[in-house]
1. Name every residue in segment 66-90 that is free of Cβ contacts under 8 Å to residues at least 40 places away in the same chain and assigned to a helix (DSSP H, G or I), in order of residue number.
2. Only one of Ala127, Ala111 is open to solvent by less than 30 Å² (accessible area, probe 1.4 Å), farther than 22 Å from Phe49 by Cβ and not β-branched (Val, Ile, Thr); which?
3. Pull up segment 108-152, narrow it to residues that are touching a residue at least 60 places away in the same chain (Cβ under 8 Å) and among the aromatic types (Phe, Trp, Tyr), then point me to the one that is nearest to Met35 (Cα to Cα).
4. With respect to Leu47, is the statement that it is at pLDDT 95 or above, over 20 Å from Tyr63 (Cβ atoms) and surrounded by 15 or more Cβ atoms within 10 Å (Cβ to Cβ) true?
5. Test of understanding: among Ile93, Ile104, which residue is outside any helix (DSSP H, G or I), surrounded by fewer than 19 Cβ atoms within 10 Å (Cβ to Cβ), out of contact with any Leu (no Cβ under 8 Å at 6 or more places or on another chain) and not hydroxyl-bearing (Ser, Thr, Tyr)?
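The values are calculated or read from the model by the stated rules, or taken from the named source; none is laboratory data. Just so you know, these numbers come straight off a predicted model, no measurement behind them. Don't worry about glycine lacking a Cβ; one is built from the backbone with ideal geometry, like all the others, and counts go over all protein chains shown. The area values use the complete protein model at the heavy-atom level, side chains included, leaving out ligands, DNA and RNA. Shrake-Rupley method; radii C 1.70, N 1.55, O 1.52, S 1.80 Å.
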Amino acid sequence: ISDPGRFALKNAVRAAIVVPAAFAVGLEVFDLPQMALFAAFGSVGLLIFVDFGGIRAVRFAAYVALLLVGSLTISLGTLCSHDTVVAVVAMAIVGFGILFAGVIDGYIAAASLVLILTFVIAMMVPADFAEIPHRLAGWGVAGLFSVAAIFCLWPGRPPDQLRRGAAAAIERLAELVEAMAAARAA
């Protein structure tokens with residue numbers, strides 16, 4: 001399997017560093033299992049399931065927006081975690097809403113798996129309302145560690161290089177088509 005630029009390897013190493021560190025902060029430093037759970041799964045989601053494109057400022061804004069909306073899905077999922085019927089109905093509504101919102105913008109579509117992950121984990125592990133701050137703290141640790149790793153550990157973006165190469169190839173192809181059309185017209 002080809003991995004030009006070792007992009008997949010770099011993502012895996014980032015996750016191998018960040019996920020245990022975030023989990024350890026929640027469990028060993030603060031001794032909060034809910035914080036550790038959301039720090040670990042949040043890090044996996046942010047580092048593996050989503051990859052925003054574009055310039056650094058836009059990518060950073062997308063991650064911040066994802067963290068804010070993820071806070072809402074975690075809170076809502078926690079509130080639905082004690083009643084199976086409510087959880088099923090909420091999953092249908094929230095899941096459809098998240099996936100349908102992906103039609104609006106590519107960044108929303110890219111974030112949809114992480115948002116669904118946060119909602120499902122919050123629903124599947126029952127917790128009281130009082131646990132929401134601990135869960136959000138774990139999500140915050142995941143966001144802090146993951147965004148720092150994304151922008152500091154191997155910040156180069158091979159997909160951007162691929163886009164530039166594809167754009168150059170398309171421009172050359174357009175020039176060739178124009179030359180062929182001009183030759184045919186002559």
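1. At the first step, the residues of segment 66-90 found to be free of Cβ contacts under 8 Å to residues at least 40 places away in the same chain are 68, 72, 83-90.
If the condition is that a residue be free of Cβ contacts under 8 Å to residues at least 40 places away in the same chain and assigned to a helix (DSSP H, G or I), then Leu68, Leu72, Thr84, Val85, Val86, Ala87, Val88, Val89, Ala90 are the ones that fit.
2. On the way: Ala111 fails: farther than 22 Å from Phe49 by Cβ.
None of the others qualify; the one that does is Ala127.
3. Residue satisfying both the conditions and the ranking: Trp139.
4. Working: at pLDDT 95 or above: yes; over 20 Å from Tyr63 (Cβ atoms): no; surrounded by 15 or more Cβ atoms within 10 Å (Cβ to Cβ): yes.
Spelling it out, it is not the case that Leu47 is at pLDDT 95 or above, over 20 Å from Tyr63 (Cβ atoms) and surrounded by 15 or more Cβ atoms within 10 Å (Cβ to Cβ).
5. Numbers: Ile93 fails: outside any helix (DSSP H, G or I).
Selected residue: Ile104, the only one of Ile93, Ile104 that is outside any helix (DSSP H, G or I), surrounded by fewer than 19 Cβ atoms within 10 Å (Cβ to Cβ), out of contact with any Leu (no Cβ under 8 Å at 6 or more places or on another chain) and not hydroxyl-bearing (Ser, Thr, Tyr).
Here's the yes/no breakdown for (1) open to solvent by less than 30 Å² (accessible area, probe 1.4 Å); (2) assigned to a helix (DSSP H, G or I):
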site: Gly5; (1), (2): no, yes
site: Leu9; (1), (2): no, yes
site: Ala16; (1), (2): no, yes
site: Glu28; (1), (2): no, yes
site: Ala36; (1), (2): yes, yes
site: Ala39; (1), (2): yes, yes
site: Asp51; (1), (2): no, no
